[in-house]
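Chemist: Sharing a structure, written as structure tokens. Questions coming.
The values are calculated or read from the model by the stated rules, or taken from the named source; none is laboratory data. All values derive from a computational prediction rather than experimental measurement. Cβ coordinates were reconstructed from backbone atoms using ideal geometry, including for glycine residues, and neighbour counts include every protein chain displayed.
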């Protein structure tokens, strides 16, 4: 038999077991609450709506990386997956191109939008 050293985790496992009633109470009290936080804007048709530059539609472009704003949670800012309960909409890189004008107006009229550059790229705007 291979020695497992699982006994090294006995204190951790006892601590987890002891905290279960508290965790159960916490999850029961919060189960119907909306997810509130920053919403990293994403659109299911982003790649279909994006502007094609230099005929490289299939080329990876970090400006369209919808995961870019996820690092905000690493510094303690709460994220939500539900735009209806967002206190802030995070527009990263060129993600705004995936939305139509009415969707963008609604975002900009709500809780303060936050622009996050993708990598070293800065969000570009054009006047029409």
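Chemist: Within the range 94-120, how many residues turn out to be touching a helix residue (DSSP H, G or I) at 6+ places or on another chain (Cβ under 7 Å), surrounded by 13 or more Cβ atoms within 10 Å (Cβ to Cβ) and modelled with pLDDT under 85? Give the derivation first.
Modeler: Keep residues of the range 94-120 that are touching a helix residue (DSSP H, G or I) at 6+ places or on another chain (Cβ under 7 Å), which gives 94-98, 104, 113, 116, 118-119.
Applying the additional criterion that residues be surrounded by 13 or more Cβ atoms within 10 Å (Cβ to Cβ) yields 94-98, 104, 113, 116, 118.
Among the residues that remain, those that are also modelled with pLDDT under 85 are: 113, 116, 118.
The number of residues fulfilling the criteria is 3.
Chemist: Kindly provide the set of residues from the range 69-89 that are closer than 19 Å to residue 104 by Cα and either assigned to a loop (DSSP other than H, G, I, E, B) or out of contact with any helix residue (DSSP H, G or I) (no Cβ under 6 Å at 6 or more places or on another chain) (or both), ordered by number. First the steps, then the outcome.
Modeler: Residues of the range 69-89 closer than 19 Å to residue 104 by Cα: 69, 80-89.
Answer for the range 69-89, where residues must be closer than 19 Å to residue 104 by Cα and either assigned to a loop (DSSP other than H, G, I, E, B) or out of contact with any helix residue (DSSP H, G or I) (no Cβ under 6 Å at 6 or more places or on another chain) (or both): 69, 80, 81, 82, 83, 84, 85, 86, 87, 88.
Chemist: So residue 52 fits all but one of (1) part of a loop (DSSP other than H, G, I, E, B); (2) modelled with pLDDT under 85; (3) surrounded by 11 or more Cβ atoms within 10 Å (Cβ to Cβ); what number is the exception?
Modeler: (3)
Chemist: Kindly indicate whether any position in the range 41-49 is surrounded by fewer than 10 Cβ atoms within 10 Å (Cβ to Cβ), assigned to a helix (DSSP H, G or I) and over 23 Å from the mean Cα position of the chain (by Cα).
Modeler: No: zero hits.
Chemist: Identify all residues within the range 11-56 that are farther than 29 Å from residue 82 by Cβ and in contact with a helix residue (DSSP H, G or I) (Cβ under 8 Å, 6 or more places away or on another chain); write none if there are none.
Modeler: Within the range 11-56, none qualify.
Chemist: Can you find, within the range 19-38, the residue that is modelled with the lowest pLDDT among those that are surrounded by 11 or more Cβ atoms within 10 Å (Cβ to Cβ) and farther than 22 Å from residue 74 by Cα?
Modeler: Filtering the range 19-38 for residues that are surrounded by 11 or more Cβ atoms within 10 Å (Cβ to Cβ) and farther than 22 Å from residue 74 by Cα, the one modelled with the lowest pLDDT comes out as 26.
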